[in-house]
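The values are calculated or read from the model by the stated rules, or taken from the named source; none is laboratory data. Note that this is a predicted model, so its numbers are computed, not measured. Cβ atoms come from the backbone with ideal geometry, glycine included; neighbour counts cover every protein chain shown. Accessible surface is based on the protein model in full, side chains and every heavy atom, while ligands, DNA and RNA are left aside. Shrake-Rupley method; radii C 1.70, N 1.55, O 1.52, S 1.80 Å.
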Amino acid sequence: MTTLTTRASFDAFRDRMCDHFGQLSDGLGNQHPHMQHASLGSDEYFTHRIDSDGHHIAYDPRQTSGLMVRQFLGIYATFTEDPIREGVRNAYYEEKEAGGREIWKIVLSEIDRTQDSKGVMDQVLDLLRQARAKTKAMAA
């Protein structure tokens with residue numbers, strides 16, 4: 001699939017999704033999203049299904065990132081995720097340095113992979129504390 005056909009496919013998909021979600025009753029267009037890793041085919045970047053507990057969006061991390069899928073699905077402005085994911089995503093967008101954005105992108109991808117935002121953030125905080133202690137020990 002070339003870049004042009006990929007872009008055209010995304011645009012067509014977005015149009016279909018907007019048409020579809022514009023017609024959903026009972027607030028289904030505003031359901032909670034569940035972002036997850038999945039191994040998809042070589043020409044599949046992500047897939048989507050909706051059921052009673054929300055939108056399930058699976059993306060192939062070999063082909064795209066959770067942030068790219070979120071940007072693409074940004075047409076659903078009322079979508080919310082858990083506060084930790086939203087904070088990580090916001091930190092990514094607010095970060096001015098490329099290195100900082102890469103760190104937040106890795107954290108968000110790990111949250112998507114594990115589906116445990118609190119556990120991932122606890123690990124990140126532990127690593128930061130260890131790095132700080134090591135830096136203080138080396139300075140002493």
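Some notes on this structure:
- Single residue of the stretch 48-60 satisfying the filter (open to solvent by less than 60 Å² (accessible area, probe 1.4 Å) and not acidic (Asp, Glu)) that is farthest from Ala91 (Cα to Cα): Ile50
- Test: residue in the stretch 75-82 that is part of a helix (DSSP H, G or I), touching a residue at least 24 places away in the same chain (Cβ under 8 Å) and within 25 Å of Ser39 (Cβ to Cβ): no
- Scanning the stretch 112-140 for residues that are modelled with pLDDT under 90 and among the hydrophobic types (A, V, I, L, M, F, W, C) gives Ala137, Met138, Ala139, Ala140.
- Evaluation of Leu128 against (1) hydrophobic (A, V, I, L, M, F, W, C); (2) in contact with a Phe, Trp or Tyr (Cβ under 6 Å, 6 or more places away or on another chain); (3) over 26 Å from Ser39 (Cβ atoms) (one fails), failing number: (2)
- Of the residues making up the stretch 84-101, those that are open to solvent by less than 90 Å² (accessible area, probe 1.4 Å) and over 20 Å from Gln115 (Cβ atoms) are Glu95, Ala98, Gly99, Gly100, Arg101.
- For the stretch 57-65, the criterion of being closer than 16 Å to Glu110 by Cα, touching a Lys or Arg at 6+ places or on another chain (Cβ under 8 Å) and at pLDDT 75 or above is satisfied by at least one residue.
- Boolean, Asp112 is out of contact with any helix residue (DSSP H, G or I) (no Cβ under 8 Å at 6 or more places or on another chain) and assigned to a helix (DSSP H, G or I): no
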